[in-house]
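The structure appears below as structure tokens.
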Amino acid sequence: MKKLTESTALKEWQSKLETAKTQYATDKNNMNKYQEYYKGTRSVQADPNSGKSPTKVSNNVRNIMFELIESQVDSSIPMPKVRAIHPDDDDLAKKIEKMLENKVKTCNLTVLNDFMERTTPVQGGDYFFVQWDVNAGLHNQVGDLKVTELHPKKLIPQPGVTNFDNMDYFFVQELLTKKSVKRIYGVDVEDTENDQPESKE
């Protein structure tokens, strides 16, 4: 088994990323189109009979997609309920329950869920990105749980594989400041530029 140098490994994964992005481009374009539908696009499609392109946008649009999705949004999150198997553990069960309730609040799960209630019907799915932030936590903690929303456009799957359990890898593209990269990963990227401008989409 050959040992990869850092440069060789980087090039290999950059090649895999480019291949995955190419394969995912059609899906990403569709997501942009679905988002425009949700926002109420005024664009007009070409005449299906003549193929003639429209010369103007629509004057009046009733955004039925927005209305249908918003009417079904349910931002409520059921609070956790913990029951002890043995009566002697009732106090411990209550502590765990309170801790979970606190995590729902401190991780802003209500806000994230509200956002995802809209993204999921539009895009067909959305992701909770659960991480351990070593820089977070209270005075007597080292790190804390961090939960963010990961839009499907930011997650690029392994080409040809549709089930996450069967993937060898996938890519997550998100924008970070240079200071954030230094704080999270301990790598100084002050002299580098963003070579993935499309990640801003």
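The values are calculated or read from the model by the stated rules, or taken from the named source; none is laboratory data. Source: prediction; values computed, not measured. Virtual Cβ from ideal backbone geometry, glycine too; neighbours counted across all protein chains shown. SASA here: full protein model, heavy atoms, side chains in, ligands and nucleic acids out. Shrake-Rupley method; radii C 1.70, N 1.55, O 1.52, S 1.80 Å.
A compact table of results
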quantity	calculated
Cross-link reach list, aspartates and glutamates versus Lys103, counting only Cα pairs under 17 Å and skipping chain neighbours closer than eight places	Asp114, Asp133, Asp144, Glu149
Accessible surface ranking that places the most exposed of Leu100, Leu150 first, with a 1.4 angstrom probe	Leu100, Leu150
Pair Val57, Tyr185: separation of 7 Å Cα→Cβ label points (nm)	3.8
Simple Cβ-charge dipole of the range 74-201, Lys/Arg +1 and Asp/Glu -1, about Cα centre, in debye nearest 20	340
Given Lys39/Lys105; Lys56/Lys153; Lys11/Lys182; Lys16/Lys39; Lys33/Lys154; Lys21/Lys146, the pairs whose alpha carbons are separated by over 25 Å	Lys39/Lys105; Lys56/Lys153; Lys16/Lys39; Lys21/Lys146
Summed side-chain charge close to Glu117 - residues other than Glu117 whose Cβ falls under 14 Å, Lys, Arg +1, Asp, Glu -1	-4
Residue-averaged [θ]222 nm for the chain, counting only DSSP H segments that reach four residues, each worth -39500 (n - 2.57)	-13500 deg cm²/dmol
Cα convex hull of the range 91-192, projected area averaged across orientations, nm²	9.8
Shape metrics for the range 1-139, restricted to C-alpha atoms - Rg then Dmax, Å	24.2, 77
Solvent-accessible area per residue for the chain (1.4 angstrom probe, square angstrom)	76
Heavy atoms of Met79: accessible area, 1.4 Å probe, square angstrom to 10	90
Ranked order, Asp133, Asp27 - accessible area, probe 1.4 Å, largest first	Asp27, Asp133
Percent carbon-and-sulfur accessible area, the range 15-122, ignoring ligands, DNA and RNA, probe 1.4 Å	53
Summed side-chain charge close to Asp91 - residues other than Asp91 whose Cβ falls under 13 Å, Lys, Arg +1, Asp, Glu -1	0
Net charge over other residues, Cβ less than 12 angstrom from the Cβ of Val44 (K, R count +1; D, E count -1)	+2
Reciprocal of mean inverse Cα separation for the range 98-142 (Kirkwood radius, Å)	12.4
Relative contact order for the chain, counting Cα pairs under 8 Å that sit 6 or more residues apart, in percent	15
Furthest towards positive pole of dipole, Thr41, Ser15, His86, structure part the range 1-104, Cβ charges	Ser15
Kyte-Doolittle mean at least -0.5, axial Cα span of 18 Å or more - DSSP H helices of the chain	109-123
